[in-house]
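Trainee: Quick one: the structure is below, questions incoming.
The values are calculated or read from the model by the stated rules, or taken from the named source; none is laboratory data. Here the structure is a predicted model, which means the values were calculated and not measured. Glycine also receives a Cβ, built like all others from the backbone with ideal geometry; neighbour counts cover every protein chain displayed.
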Amino acid sequence: MKQHILPAIKLTVVCIVVFMVIYPLVIWVAAKAVPAKGEGEKVVVNGKVVGYALEGQRFTSDKYFNGRPSAVNYNAAGSGGSNKGPSNPDYLKEVSNRIDSFLVHNPTVKKEEIPSELVTASGSGLDPDISLKAALVQVNRIAAIRNRAPEKIQALIQSQKTRSLNGIDKVNVLQLNVALDAMK
């Protein structure tokens, strides 16, 4: 029995040291080496933190671009999807309600023009980005409310777009809305 207990105790001590001391220390040092110092990519306006660029958040005013819906109410502490399948009646009703709401707020858009990402929640519930198409479909609403030419809003979107690793053009919703507020 001694021949099994002593190696088990030694292995437990080694695992505690490696996984509770060394590994977290290496991760902490690596986080402090990046530009944001492991604090996330804060978006600051007039000296005030308005959000984090890598975290989705809700915009309820029609004068702002909308991001993806969240199954977790944009709670970063509990990220996750709804786990409802595409044939679930509750899920279908929820998506249908989102479509109806989008059409009410965007009367110039036809139902078939709505990108699915604007009415379906992501797996994490915290996606900070939308596709270029999802941003462009909202241009008329924002241009009308802000009394701006749609071309100006489209140019702003183009200036904010980035390309993901898989080659898809995307826009960070928070950064786009901050740039929209700063627009002269």
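Trainee: Between a first residue in the stretch 75-100 that is on the phi > 0 side of the Ramachandran plot and a second residue that is surrounded by 15 or more Cβ atoms within 10 Å (Cβ to Cβ), which pairs have beta carbons less than 9 Å apart while being 6 or more apart in sequence or on different chains?
Mentor: If the second residue must be surrounded by 15 or more Cβ atoms within 10 Å (Cβ to Cβ), the pairs left are G80/A71; G80/V72; G80/S124; G80/G125; N83/A71.
Trainee: Taking the stretch 48-70 as the region of interest, how many residues are farther than 26 Å from V95 by Cβ and at pLDDT 85 or above?
Mentor: Total satisfying the criteria: 1.
Trainee: Okay, moving on. Filter the stretch 145-164 down to the residues that are among the basic types (K, R) and either more than 21 Å from the chain's Cα centre (by Cα) or at positive phi (or both) and list them by number.
Mentor: R146, R148, K152
Trainee: Quick one: in the stretch 123-141, of everything that is in a helix (DSSP H, G or I) and within 20 Å of the chain's Cα centre (by Cα), which residue is surrounded by the most Cβ atoms within 10 Å (Cβ to Cβ)?
Mentor: Among those that are in a helix (DSSP H, G or I) and within 20 Å of the chain's Cα centre (by Cα), it is A135.
Trainee: Turning to a different aspect of this structure: Among the residues of the stretch 55-84 satisfying the criterion of being over 12 Å from the mean Cα position of the chain (by Cα) and among the basic types (K, R), which is surrounded by the most Cβ atoms within 10 Å (Cβ to Cβ)?
Mentor: Checked the stretch 55-84; the qualifying residue surrounded by the most Cβ atoms within 10 Å (Cβ to Cβ) is K84.
Trainee: Find all pairs meeting these conditions: Cβ atoms under 8 angstrom apart; at least six residues apart or on different chains; first residue within the stretch 121-143 and on the phi > 0 side of the Ramachandran plot; second residue at pLDDT below 95 and surrounded by 21 or more Cβ atoms within 10 Å (Cβ to Cβ).
Mentor: Cβ pairs passing all conditions: G125/G56; G125/S70; G125/A71.
Trainee: Then there is this: Condition test on P86, is it part of a loop (DSSP other than H, G, I, E, B) and farther than 19 Å from G56 by Cβ?
Mentor: Values: part of a loop (DSSP other than H, G, I, E, B): yes; farther than 19 Å from G56 by Cβ: yes.
Here the answer is yes, as P86 does meet what is asked.
Trainee: Another one. Residue under question is N75, and the condition is that it be more than 27 Å from L180 (Cα to Cα) and not hydroxyl-bearing (S, T, Y); does it hold?
Mentor: For N75, the condition - more than 27 Å from L180 (Cα to Cα) and not hydroxyl-bearing (S, T, Y) - is not met.
Trainee: Residue by residue through the stretch 157-174, note down the ones that are touching a residue at least 40 places away in the same chain (Cβ under 8 Å) and assigned to a strand (DSSP E or B).
Mentor: Keep residues of the stretch 157-174 that are touching a residue at least 40 places away in the same chain (Cβ under 8 Å), which gives 170-174.
Scanning the stretch 157-174 gives K170, V171, N172.
Trainee: So if I check each of A71, A8, A30, which one is assigned to a loop (DSSP other than H, G, I, E, B) and either basic (K, R) or out of contact with any strand residue (DSSP E or B) (no Cβ under 7 Å at 6 or more places or on another chain) (or both)?
Mentor: A71 is the lone residue from the list that is assigned to a loop (DSSP other than H, G, I, E, B) and either basic (K, R) or out of contact with any strand residue (DSSP E or B) (no Cβ under 7 Å at 6 or more places or on another chain) (or both).
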